[in-house]
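Below is one structure, written out as structure tokens; the observations come after it.
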Amino acid sequence: MTESPLSIPVYEGSMLSLRSRSSIPSVSRSRPLTGLAKRKSEPEPKWKHGELESKYRCTACNSYLRFPVQFEDCGHYICSSCLPDIMRVAPRCPTCQQPVSRDKIVNDKTLQKEIQSLDVYCFSKEKGCTWEGTLKDYTVHTETCGFVMIDCPNECGVRFEKRFLTKHQTEDCPKRKVACEFCKTSVVFEDEIPHLNICTEFKIPCPNQCSDQEFSRGQIQSHLDNECPKQELSCPFNECGCDYRGQRIDIAKHMKESPGVHLNVAGRTITIQKKLLQAFEERISEQKKWIELLAGKVNALEKTYGAQYIWKIDHYQERLEEARTNKKTTLFSPPFLTSRHGYRLALSICLCGDGRAKGKYVSLFICLCRGDYDSLLSWPFSHRVTFTLIDQCEDVNNRRPIIYTVKPNICKENKPFLGRPVTDRNPSFGAQKFTDLDAMATLEYIKDDTIYIKVDIDNEEMIII
């Protein structure tokens, strides 16, 4: 007897929530369908009263019905976890092959309770598991049953019954953790021998067999360098020309017996060192002269080519009035190069502002122009640009220039501005609000009806051709 159809929980890969008597929404088929395959791989309990009756068995997965659902047209049952795979392609009842409809599928809670109350043994009963109970408690038991086959948690590749887990992890697993006997570091068991080959605390005897004492691998070199009486050493005057070599215990005797020889070689070495020192001092003196000469040349070049470009704009008041009356809103500078074979650029200025800045600010821009050496340069253009409105105060120390820096943002949207020019010049980018118009009248930015705009291009990462 079936109950009124209710919503069935989705589990174990199920992708379908069953309807009430009204229509149900269509089912998404984009997720993987693993319920049927998973059910077939699960161990089935031993049934206390013999073989499981066919009315309790799912014809799709051939296991007991779990959360059974019934096809109303033919009356057959399957597990709700098997339903998504059945409905995925051509929905048919696996028992009679009759077509089924999503609108005619109901769950049977009465049958579910009847199945869950069946008496069962553990599937490992023949191996020695003594558990028995009802099917509803079977899943809980399988989670703790010691006869369940599991993979090693350390991923060593061994598969064994769960009851042997502790023994395997403490005695057999090649990937179990053990403490090094010498440095106490935790290492994987199969890596213990390679670790001992490099362990700094591993005890080893002196290679010169100076005693029966053992030293840690990390201390042995110090022992050889400073303590071992049998370590072979060179005479302390070796660099002065004494070729004697002997054990540490013989070096003291050699030093005592050969003071004259050592005094001679030391004196000879001092004489040679004095001559070399004099030669080095003469060489250093020559290098200092060259450095001073080159520093002067560099200083001269920096003064000559300090900024890539300084733009002189004369007749300022006349040009400002033309901008205000829209006769000539934009002025363009002559093109200039960042270096002898560098990027070709040009400045543009709107003395009365551009766009939203019009009437309030001075707008200053720069653009990339097509040049003769573009194929040799790196694109898109990514170098920092610094605009400077020069204060023409006679006292250089009191000048207060207006400085604005632009760092190009390399992105797809800015390619028309920063990419290699395909026409005479790219669209301009820069400072729409470079400085407000009122600031222009302060200090000495305007002098003799002239202003100066300096532009510096950061060339730290620029390709120099």
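Numbers below:
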read-out	value
For the chain, calculated [θ]222 nm from helices alone, where every DSSP H run of n ≥ 4 adds -39500 (n - 2.57)	-7000 deg cm²/dmol
C-alpha long axis of helix 259-304 to longest principal axis of the chain, angle in °	80
For I402, residues with placed amide H under 5 Å, excluding near neighbours	L389, D391
Other-chain or far-sequence residues with amide H under 5 Å of Q231's (modelled H)	R248
Hz values of 3J(HN,Hα) by residue in the range 367-377 - Karplus curve (6.51, -1.76, 1.60), Gly and Pro given as x	9, 8, 10, 5, x, 6, 10, 4, 5, 9, 9
Gain upon complete extension [Q213, N459; 0.36 nm per residue less C-alpha separation]	82.1 nm
Cα pair count fraction exceeding 35 Å, expressed as % - the chain	71
Rounded to 10°, Cα long-axis angle of helix 248-257 versus longest principal axis of the chain	20
Across K55/K127; K46/K104; K328/K447, pairs whose alpha-carbon gap is larger than 27 Å	K55/K127; K46/K104
Anchor K230: aspartates and glutamates whose Cα lies under 20 Å away (excluding residues fewer than 8 positions away in-chain)	D212, E214, D243, D250, E257
Flagged links, alpha-carbon separation over 28 Å, of K297/K415; K274/K297; K327/K360	K297/K415; K274/K297
Extension gain from T423 to H76, taking 0.36 nm per residue of separation minus the Cα-Cα distance	117.3 nm
Cross-link reach list, aspartates and glutamates versus K109, counting only Cα pairs under 13 Å and skipping chain neighbours closer than eight places	E3
Farthest positive-ward along the range 157-314 dipole, Cα basis, beta-carbon charges - from Q287, H195, Q308	Q308
Straight-distance crosslink candidates among lysines, where the alpha carbon sits under 24 Å from K175 and sequence neighbours closer than 8 are dropped	K162, K167, K184
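Computed from the coordinates by the stated procedures, all read-outs in this text should not be read as laboratory data. Keep in mind it's a predicted model, so treat the numbers as computed, not measured. Every residue, glycine as well, gets a Cβ built from its backbone with ideal geometry; the counts of neighbours run over all protein chains shown.
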